[in-house]
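Each remark here refers to the structure printed beneath this line.
The values are calculated or read from the model by the stated rules, or taken from the named source; none is laboratory data. All values derive from a computational prediction rather than experimental measurement. Every residue, glycine as well, gets a Cβ built from its backbone with ideal geometry; the counts of neighbours run over all protein chains shown.
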């Protein structure tokens, strides 16, 4: 799929640099030409010899290499590639990119290019969550830099949380999407998916039957059309797609924060089944069953994420799509929901008893806009996703 594509791979310093060796191998298996650039910190984790052996070509390291720079090597390197991939992208490299700093070969290449750039961040969880890193991330996104990961999990430092570099297959899928010539290339799309879990106490929660299958299929279909996809998912039962930026959340409040952090986007699709209410004052200790007594739960409304984004005064996505899972008067209720929320489209489906749609593999939807209600036949959720992704692409193209 990547035959003859030229990838400039910048390897930052961090334990995740070991993944770059497998990344080089996988890229070359798909026919890509990989030119490696190894930072000084990166060479503390992987050797120039191992990188060169896998890439089948010279490793570039020094900005002031007389032989290379006699031909303005940093300019040529930065502009001869089809895509620049930074993996791992450390907090330091991200800061240099965001600030336009150019004090070594890697940062100079990144400043002296008009080639698309994809970064795979990797760092300690506290570094990732630090306000400075998040500011830099927002700047890079607004500059058009593609981002894949980071994932959540255990780290070499012994901590747990977001900061692990995306796995190699995920990076490969992101590279393929970045180089795809689909109609959504250069567009950034947000997709929410799955249920939310609203805690009652540390061991109990309120949820719904959403599997996340439709949202996952949609994110995959949008990525296949070339979009940069930010996938915000609750605790779904299906794994997230590869090649998209995955943000995992539990509650509606966390999903709202993740959505706001992902903006601006060209389109936003809200396929998540967000709980309408949360338990007010959820217990920090397990509630005990007492003889003859039942707990009293007080509820409060969760934020209406779809309405908030649909009704934004500034920075509203060009297209906002909501989902409506209904059991009665499906079209009427979904049409009223579209008007009430202020979104452009609503995808309505009947999840009543016996349909098998909620948590199933098929879906039967009606696409509702301001002008029409268009019923689609029942089909696999992957096909629904493909058809909807194509409609989204057409709408964004028609808007420009």
> Exactly one of (1) in contact with a strand residue (DSSP E or B) (Cβ under 6 Å, 6 or more places away or on another chain); (2) free of Cβ contacts under 8 Å to residues at least 60 places away in the same chain is unmet by residue 81. Its number?
Replying inline: (2)
>> If a residue must be within 23 Å of residue 330 (Cα to Cα) and part of a helix (DSSP H, G or I), how many such residues does the range 364-400 contain?
In response: 11
> For the range 15-47, how many residues meet the condition of being in a helix (DSSP H, G or I) and free of Cβ contacts under 8 Å to residues at least 60 places away in the same chain?
Replying inline: 9
>> Can you tell me which residue is farthest from the chain's Cα centre (by Cα) among those in the range 112-136 that are under 20 Å from residue 187 (Cβ atoms) and buried (at least 20 other Cβ atoms within 10 Å of the Cβ)?
In response: 117
>> When the residues of the range 130-156 are narrowed to those that are out of contact with any strand residue (DSSP E or B) (no Cβ under 7 Å at 6 or more places or on another chain) and modelled with pLDDT under 90, which ends up nearest to residue 43 (Cα to Cα)?
In response: 156
>> With assigned to a strand (DSSP E or B) and crowded, with 24+ Cβ neighbours inside 10 Å as the only criterion, which of 247, 265, 259, 232 stands out?
In response: 232
>> Among the residues in the range 271-285, are any touching a strand residue (DSSP E or B) at 6+ places or on another chain (Cβ under 8 Å), without any contact (Cβ under 8 Å) to a residue 24 or more places away in the chain and surrounded by fewer than 14 Cβ atoms within 10 Å (Cβ to Cβ)?
In response: yes
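Okay, residues lined up against (1) out of contact with any strand residue (DSSP E or B) (no Cβ under 7 Å at 6 or more places or on another chain); (2) modelled with pLDDT of 95 or more; (3) not in a helix (DSSP H, G or I):
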| residue | (1), (2), (3) |
| --- | --- |
| 324 | no, no, yes |
| 339 | yes, no, no |
| 349 | no, no, yes |
| 360 | yes, no, yes |
> Got a number for residues in the range 287-314 being in a loop (DSSP other than H, G, I, E, B) and loosely packed, with under 10 Cβ neighbours inside 10 Å?
Replying inline: 9
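Quick grid of which residues meet (1) farther than 25 Å from residue 185 by Cβ; (2) at pLDDT below 95; (3) surrounded by fewer than 23 Cβ atoms within 10 Å (Cβ to Cβ):
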residue	(1), (2), (3)
61	yes, yes, yes
67	yes, yes, yes
72	yes, yes, yes
78	no, yes, yes
83	no, yes, yes
87	no, yes, no
101	yes, yes, yes
106	yes, yes, no
110	no, yes, no
> Could we say that residue 344 is more than 21 Å from residue 381 (Cα to Cα), modelled with pLDDT of 85 or more and in contact with a strand residue (DSSP E or B) (Cβ under 6 Å, 6 or more places away or on another chain) here?
Replying inline: yes
> Is it the case that the range 165-183 has a residue that's touching a helix residue (DSSP H, G or I) at 6+ places or on another chain (Cβ under 6 Å), surrounded by fewer than 18 Cβ atoms within 10 Å (Cβ to Cβ) and either in contact (Cβ under 8 Å) with a residue 24 or more places away in the chain or under 18 Å from residue 23 (Cβ atoms) (or both)?
Replying inline: yes
> Which one of the conditions (1) in the same structural domain as residue 82 (by TED's automatic domain parsing); (2) surrounded by 19 or more Cβ atoms within 10 Å (Cβ to Cβ) does residue 195 fail to meet, given that it meets all the rest?
Replying inline: (1)
> Given the residues 247, 279, 269, 238, which is the only one that is within 17 Å of residue 174 (Cβ to Cβ) and outside the structural domain of residue 144 (by TED's automatic domain parsing)?
Replying inline: 247
